[in-house]
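This report concerns only the one structure given below.
The values are calculated or read from the model by the stated rules, or taken from the named source; none is laboratory data. Since the structure is predicted, the reported quantities are computational estimates derived from the model, not experimental observations. Counting neighbours? That spans all protein chains shown, and the Cβs are built from the backbone with ideal geometry, glycine included.
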Amino acid sequence: MFGFKRNTIEKIDTTGRPLSAHVASSKIMASHIDKIYTSGKKQTVAIENASVDIQDNDFCCIVGPSGCGKSTLLRMLAGLDFPSKGNIIINDRKVTGPGPDRGMVFQTYTLFPWMSVEDNIKFGLKIKKMDEAKQQEIADRYLNLIGLSKFAKSYPKELSGGMKQRVAIARALANQPEVLLMDEPFGALDPHTKSVMQLLMREIWEKEHPTVVFITHDIEEAVFLANKIYVMSARPGRVIKEIQVHLPHKRGLELKDTPEFIQLRKSINEMLYSSEPKE
Ligand code: ADP
C-alpha cells in the first residue's frame, strides 16, 4: 500500500488528508543529522541524513530495528551526545547540552534505591528548592496519576519492574519538562505488564498532553502509542517514513485487533523488511 524509496522521507497520513492540512508549531526540529562514531581508525556511521519535526503535544514514536541509531538520536535530543553534522533545535534553541526542559525515562531502572517512591518523585523539585508543601502536592498528583498512592513510602526494591517504571515516568513528569524522552522504557517488561504500561502511558498523555518522543523496536507498541511515527531503516539509520496516525484518541487494547491497526502495523513491518540491506 505504501511505496518505499531509498534515501527519501515520504509523508503519509492515515486519513488520506494532505499533511499541509495540519497547522502546528515545531517543538523539536532535527535537520539532516549525521552521526559518525570514531574509534581508532574505525568509523561507524550510526545515523545518516535523518530529519524529524515534532510538534507541541505530539506523541511521537521512533521505530526501527536494533542498532539503527534510535538511542543515539534520543541521546542527541537529550543533549547527551552531539551530531557530526546537522542541528537539533528544541523550543527554538539549539541543543548544546542536557537541561531540565527534557525529562528522560530509560529501559533500565534508574530510581535511587535509598529514597522512598515519594522522595524519588520529589527529587528534581528539591533540587529546584521548591517549597515542601508544593513538592508534596505535585508528588501526590503524580502518584495518583500512576496509581501508586499506596506505595508512596515504599522503597524501589519493594516494587515490581512495571511499578518502578511508573515511578520513573512520574519523576520525569513531576519536573514539568517541555519534552519527555523515553528510551525503550517498557522493553524489559513481560508482555502483560508492557500492555498495561502502554494503556497507562496513553491515559497519561490524554490527561496531561506532554510532548513525548518514545523509541522502540516494537512496531505494535509504536502504532498503539503514537500520533506520529518516524520509521528508521537498518544501519546506517535513515528516517524513511513519517506517518500521521489517526487512530482514535482514546485507545483500549481491543484497538490492536482492528483492521486499521493491523494494516498500519503490517505496512511498517514491510517498510522495515524492504529497508534491510540485501546480500
Ligand atoms: P538502537 O538504539 O537503534 O539499537 P544505537 O543508537 O544504540 O541503536 O546504535 C546505533 C549504532 O551506533 C550501532 O551500530 C552501535 O553499535 C553504534 N554505537 C552506538 N554508540 C556507540 C559508541 N559510543 N561508539 C561507537 N559506536 C556506537
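Assorted remarks:
- Residue selection: residue 157 fails the criterion of being without any contact (Cβ under 8 Å) to a residue 12 or more places away in the chain and farther than 29 Å from residue 30 by Cα.
- Residues within the range 153-209 that are on the phi < 0 side of the Ramachandran plot, surrounded by 16 or more Cβ atoms within 10 Å (Cβ to Cβ), assigned to a loop (DSSP other than H, G, I, E, B) and charged (D, E, K, R), tallied: 1
- Of the residues contained in the range 240-263, one or more are found to be among the hydrophobic types (A, V, I, L, M, F, W, C), within 16 Å of the ligand (Cβ to nearest atom) and either in contact with a Ser or Thr (Cβ under 8 Å, 6 or more places away or on another chain) or at pLDDT 95 or above (or both).
- Filtered residues of the range 249-263 (kept if over 19 Å from the mean Cα position of the chain (by Cα) and closer than 14 Å to residue 228 by Cα): 261
- Among the residues of the range 35-73, those that are in a loop (DSSP other than H, G, I, E, B), farther than 14 Å from residue 240 by Cβ and within 6 Å of the ligand (Cβ to nearest atom) comprise 66, 67.
- When the range 16-38 is filtered for residues that are at pLDDT below 90 and loosely packed, with under 10 Cβ neighbours inside 10 Å, the ones remaining, listed by number, are 16, 18, 20, 21, 23, 25.
- Residue 104 vs. criteria of a type outside the set (Gly, Ala, Ser), out of contact with any Asp or Glu (no Cβ under 6 Å at 6 or more places or on another chain) and modelled with pLDDT of 95 or more: no
- Condition check for residue 231: buried (at least 18 other Cβ atoms within 10 Å of the Cβ) and touching a Cys at 6+ places or on another chain (Cβ under 8 Å): no
- Complete set of residues in the range 249-276 that are loosely packed, with under 11 Cβ neighbours inside 10 Å, part of a helix (DSSP H, G or I) and of a type in the set (D, E, K, R): 254, 257
- Checklist (1) under 18 Å from residue 51 (Cα atoms); (2) within 16 Å of the ligand (Cβ to nearest atom); (3) within 18 Å of the chain's Cα centre (by Cα) applied to residue 271, failing item: (3)
- Any hit, the range 130-142, residues being outside the structural domain of residue 225 (by TED's automatic domain parsing), surrounded by fewer than 21 Cβ atoms within 10 Å (Cβ to Cβ) and β-branched (Val, Ile, Thr): yes
- Any pair with Cβ under 9 angstrom, 6 or more apart, that starts in the range 119-135 at a residue that is touching a residue at least 12 places away in the same chain (Cβ under 8 Å) and ends at one that is among the β-branched types (Val, Ile, Thr) and in a helix (DSSP H, G or I): 120/167; 121/138; 121/167; 122/138; 125/138; 135/121
- Summed over the range 74-110, residues that are at positive phi, in a loop (DSSP other than H, G, I, E, B) and within 16 Å of the ligand (Cβ to nearest atom) total 1.
- Flag if residue 140 is among the acidic types (Asp, Glu) and in contact with a Ser or Thr (Cβ under 9 Å, 6 or more places away or on another chain): yes
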